Amino acid sequence: MSDAVTLEGECLCGAVRFAASGPVHAMYLCHCSRCRKETGSAHAANIFLRDATLTWTRGGDSVRRYALPGTRKARSFCTTCGSPVARAAGATVIVPAGALDTPLTFAPTAHIFCDSRAPWEDLLPATPRHAALPG
Ligand SMILES: [Zn+2]
Ligand SMILES: [Zn+2]
């Protein structure tokens, strides 16, 4: 996982659009309680690019950053719709995979912080799957 990629994506409302470029370090699915709070879901899905650049192709002035005091946890989000968007941390750019419009050319690296997973996550393999919202 060392070839440089360019990942483009945008927030739910479309006000913010970004392009992140650099070599892929990892794609982690993080199940920690902070990522569950941040996403409102079972886990975050973030791609880490090293020696990377982050460009706002639209709405950079609509991006706000939040850092959880006393931790390394931070997030950037659209101030209109609240969706997570890419953020830079030094030379690393962290891209929320769900925001991407670019097809991935690599597989996720690993699930991490699995010991912190939601209790209901273990029920997912047995949960029915529907192609769309069931009637
Ligand atoms: Zn938005
Ligand atoms: Zn996490």
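The values are calculated or read from the model by the stated rules, or taken from the named source; none is laboratory data. These numbers come from a predicted model, not from an experiment. Cβ placement follows ideal geometry from the backbone for every residue including glycine, while neighbour counts extend to all protein chains displayed.
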Residues of segment 20-59 classified as in contact (Cβ under 8 Å) with a residue 12 or more places away in the chain, closer than 22 Å to Ala107 by Cβ and more than 16 Å from ligand 1 (Cβ to nearest atom), total: 25
Report, ordered by the first and then the second residue, all pairs with beta carbons closer than 9 Å, sequence separation of six or more or different chains, a first member in segment 5-16 that is more than 8 Å from ligand 1 (Cβ to nearest atom) and at pLDDT 95 or above, and a second member that is of a type in the set (D, E, K, R) and assigned to a loop (DSSP other than H, G, I, E, B). Leu7/Asp101; Glu8/Asp101; Gly9/Asp101
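Matching residues to (1) within 19 Å of Tyr28 (Cα to Cα); (2) within 16 Å of ligand 2 (Cβ to nearest atom):
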{"site": "Val63", "(1), (2)": "no, no"}
{"site": "Arg72", "(1), (2)": "yes, yes"}
{"site": "Pro84", "(1), (2)": "yes, yes"}
{"site": "Gly90", "(1), (2)": "yes, no"}
{"site": "His130", "(1), (2)": "no, no"}
Does Leu123 satisfy the criteria of being farther than 22 Å from Met27 by Cβ, outside any loop (DSSP other than H, G, I, E, B) and of a type in the set (A, V, I, L, M)? yes
Condition set without any contact (Cβ under 8 Å) to a residue 12 or more places away in the chain and outside any loop (DSSP other than H, G, I, E, B), scope segment 60-103, selection surrounded by the fewest Cβ atoms within 10 Å (Cβ to Cβ): answer is Asp61
Considering only segment 99-122, state which residues are more than 16 Å from ligand 1 (Cβ to nearest atom) and hydrophobic (A, V, I, L, M, F, W, C). Leu104, Phe106, Ala107, Ala110, Ile112, Phe113, Cys114, Ala118, Trp120
If we scan segment 39-46, do we find a residue that is outside any helix (DSSP H, G or I) and in contact with a Gly (Cβ under 8 Å, 6 or more places away or on another chain)? yes
Per-region count, segment 47-59, residues in a strand (DSSP E or B), of a type outside the set (A, V, I, L, M, F, W, C) and closer than 21 Å to Gly14 by Cβ: 3
Let me confirm something: among Thr102, Thr92, Thr109, which residue is in contact with a strand residue (DSSP E or B) (Cβ under 8 Å, 6 or more places away or on another chain) and at pLDDT below 95? Thr102
